[in-house]
Amino acid sequence: MVLVLIRVLCFSWMSKYGYTISSNEINVDEDLPNFYEAVKLSDADWFVKENSYCKEKYNYAFGNEESTGKLDVVGVPKKPIQGIAWYNILANPKYVRDFNYITVSIEDREDYIVDDDSEEGNDCEQCDMVSILINLAYVKQAVASTFEFKAGYSNTFGEEVKKAINREEEARISNKIN
């Protein structure tokens with residue numbers, strides 16, 4: 001009741017000094033381009049390569065096909081996004097250093113990774129582990145909940161994801177039939 005009384009009696013004074021919520025609509029035109037026209041080539045390349053690698057090697061993707069398709073053909077931006085364009089921790093150089101992550105976009109990345117065994121073919125496993133753990137939300141729940149943080153996971157993880165996808169598809173088909 002007091003607030004209503006104050007508003008009625010003091011509205012003109014309050015609006016004069018900026019203490020009221022205005023109904024004026026503010027139109028801000030910063031002349032910014034579409035997101036896909038503003039992403040730097042290096043950032044777009046990083047996103048596409050990381051996503052493709054996860055999809056090919058481990059059967060999950062953190063980016064959808066529409067986005068990666070658009071980013072794959074991105075041109076040189078007139079007004080590039082400054083800083084980091086993604087909500088992905090591994091796009092930030094500080095976290096890449098902190099996690100000792102070698103990105104997929106680096107050619108011959110396995111040559112830069114030193115692991116504790118002489119077996120070839122699993123050298124990227126330690127960096128891939130960082131990527132998987134950060135992107136675990138994009139993995140099927142059945143696989144994510146049973147994922148074990150141990151050496152050799154790269155041999156089975158992708159197959160487990162594929163099996164979970166197949167089980168979901170079979171369940172979906174079975175539900176449609178019934």
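The values are calculated or read from the model by the stated rules, or taken from the named source; none is laboratory data. None of these values were measured; they are calculated from a predicted model. Positions of Cβ are backbone-derived with ideal geometry, glycine not excepted, and every protein chain shown enters the neighbour counts.
So the values come out like this:
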read-out: Residue pairs meeting the criteria (Cβ under 6 Å; at least 6 apart or on separate chains; first of a type in the set (S, T, N, Q), in the stretch 92-116; second part of a loop (DSSP other than H, G, I, E, B)); value: N92/I84
read-out: Leading residue by the ranking (nearest to the chain's Cα centre (by Cα)) among those in the stretch 147-178 that are polar (S, T, N, Q) and modelled with pLDDT under 90; value: S154
read-out: Residues of the stretch 68-89 satisfying the condition of being out of contact with any helix residue (DSSP H, G or I) (no Cβ under 6 Å at 6 or more places or on another chain) and crowded, with 17+ Cβ neighbours inside 10 Å; value: N88
read-out: Lone qualifier among D128, D111, D115 - being more than 19 Å from F62 (Cβ to Cβ) and surrounded by 14 or more Cβ atoms within 10 Å (Cβ to Cβ); value: D115
read-out: All helices (runs of 4 or more DSSP H) inside the stretch 63-177 with 3 or more residues being among the aromatic types (F, W, Y); value: none
read-out: Any chance A85 is more than 24 Å from the chain's Cα centre (by Cα) and of a type in the set (A, V, I, L, M); value: no
